[in-house]
Amino acid sequence: MKKLLTLTVLATLHAWACAMPASAQSFPNRPIRVVVPFDAGGAMVVIIRIIGKQVFDSGGPQIVIENKTGAGGAIGVMAVKEAAPDGYTLAEVSSSTHVLNPHTTANIPYDAVKDFQPIAMLVRVPTLLAVPASLPVNSLTDLLKLARTNPKGLSYGSAGIGSAPHITAALLAKSSGAPMTHIPYRGMAGAMNDLLGDRIDFVFSSIPSLGGTVADGKVKLLAAAGPHRLKTYPEIASMAELGHPDVDVDLWFGLVAPLGTDAATIAKLNEIFVKATNAPELAERFKQLGVKIATGTPAQFKQTLESDNARLGPFVRELTAKK
C-alpha cells in the first residue's frame, strides 16, 4: 500500500511538472535567438556578439544572432513582436527603433512602449562626425564652409530615416543652416562603404561602426556629438564646444521580448544579459569601443523608453516633418 501511494505521489508530481510553463522549469534550455533589425556591419551586431559570446562562455545558453533589415528597423522589430512569448526570440533594439522611428514614420506597425516586454538596457553609444580622408577639410568649420560653397551642399549617410545618425546630422543642418542632403541606407555598413568610396561626404557613426577606419587613416574625425569629449578620442572637440550643443542624440542599445512573456522569464533574461555585460573581462573591450555600460532592471528600461519618447517625440516630429 505504501509503495502504491509513493508511486501515485510521484506520478502526480511528474504530471504537475509537465504542466508547468517552461519558465518555471529550466529556462533557458536551448539557444536564444536575438534579432538585430539592422545589417551585420553595424554597432548593434558588434555589441551583441561580444555580450552573447560572454553569455555562452560563462555557462549560459548559446546566443544566435539573426539580422532582419529594412524599413528603418521595423521589419526586424515586427518579427519579434509576432514571435512566441517564450523567451527564446528577442530583439536588440535601440533609441532609433524605439524612440526616434515611431515619431518619424507614419503608420509604424508597433508601439515601442506598449508592444514589448523590456528586458534590459545594455550600453550607451557615443557618436562621432567622420569624413573620408580625401575630403579637403580638417575641422567642423571647414566642413560647414564647404557645405555653403558647394553648389549641391553636402551629403550624409545614415542607418535609415529616423535613425540616430540621421537625426544627429539633421540637427547639425538645423543648427548650422548649412545645406545638407540625407542619404538613407539599410544600416551603417552601407553608409560606411559609400563614405570610404567618396560617394557621400560625412556620417555620424559610433566607434564600433567605424571599426579600424580611423587607425587606418581612411576617415577623419571632426567632432563628437553631445556635450563632452570622448575618453577614446580626447583630442576631438565636442559639438557643444564647437557651438552646436543641440547636436546630441542619446544612442543606446537594449533587449526586449514579445508582449506576454512571463515575469519569471524576463527576470531570468535580465539576470543572464546584465551579468554578461558587466563581466570584468569585457570592461577593456567596451572601453576600446567607446561604449558605456548602462544596464539596469526591466522597470528602469521601461521608464527610459517612456521618458525618452515623451522628451524627444515632439521635437523629432517637428524636425523631420513626419513622413
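Quick notes on this structure:
- Against the conditions (1) without any contact (Cβ under 8 Å) to a residue 40 or more places away in the chain; (2) in contact with a Leu (Cβ under 8 Å, 6 or more places away or on another chain); (3) open to solvent by 10 Å² or more (accessible area, probe 1.4 Å), A170 satisfies every one except (1).
- Residue match in region 142-157 (condition: within 13 Å of D250 (Cα to Cα), among the aliphatic types (A, V, I, L, M) and touching a helix residue (DSSP H, G or I) at 6+ places or on another chain (Cβ under 7 Å)): no
- Some residue of region 70-82 being in a loop (DSSP other than H, G, I, E, B), over 13 Å from the mean Cα position of the chain (by Cα) and at pLDDT below 95: yes
- Criterion (of a type in the set (G, A, S), more than 23 Å from I75 (Cα to Cα) and touching a Gly at 6+ places or on another chain (Cβ under 6 Å)) met by exactly one of A191, A147, A173, A224: A147
- Selection of region 3-48 for residues being at pLDDT below 50 and either among the charged types (D, E, K, R) or closer than 30 Å to L210 by Cα (or both) yields only K3.
- If you filter region 73-83 down to residues that are open to solvent by less than 20 Å² (accessible area, probe 1.4 Å) and not aliphatic (A, V, I, L, M), you find that the one that is nearest to A191 (Cα to Cα) is G73.
- The sole residue among D57, D111, D86 that is open to solvent by 30 Å² or more (accessible area, probe 1.4 Å) and in contact (Cβ under 8 Å) with a residue 24 or more places away in the chain is D86.
- Looking at region 111-200, the helices (runs of 4 or more DSSP H) lying wholly inside it that each contain 1 or more residues that are under 15 Å from the mean Cα position of the chain (by Cα) and aliphatic (A, V, I, L, M) sit at 164-176, 188-196.
- Residue within region 243-263 that is out of contact with any strand residue (DSSP E or B) (no Cβ under 6 Å at 6 or more places or on another chain), open to solvent by 60 Å² or more (accessible area, probe 1.4 Å) and part of a helix (DSSP H, G or I) present: yes
- For K231, the test of being open to solvent by 10 Å² or more (accessible area, probe 1.4 Å) and either farther than 17 Å from L289 by Cβ or of a type in the set (D, E) (or both) is failed.
- Scanning region 260-275 turns up one or more residues that are free of Cβ contacts under 8 Å to residues at least 24 places away in the same chain, farther than 22 Å from T97 by Cβ and not aromatic (F, W, Y).
- Pair list, Cβ < 6 Å and 6+ apart or interchain, from region 217-234 residues that are outside any loop (DSSP other than H, G, I, E, B) to residues that are buried (at least 17 other Cβ atoms within 10 Å of the Cβ) and among the polar types (S, T, N, Q): V219/T213; A224/S238
The values are calculated or read from the model by the stated rules, or taken from the named source; none is laboratory data. Everything numeric here is computed off the predicted structure, so don't read it as measured data. Please note: Cβ atoms are built from the backbone with ideal geometry, for glycine as well, and neighbour counts cover all protein chains shown. Just the protein is used for accessible areas: all its heavy atoms, side chains included, with ligands, DNA and RNA removed. Shrake-Rupley method; radii C 1.70, N 1.55, O 1.52, S 1.80 Å.
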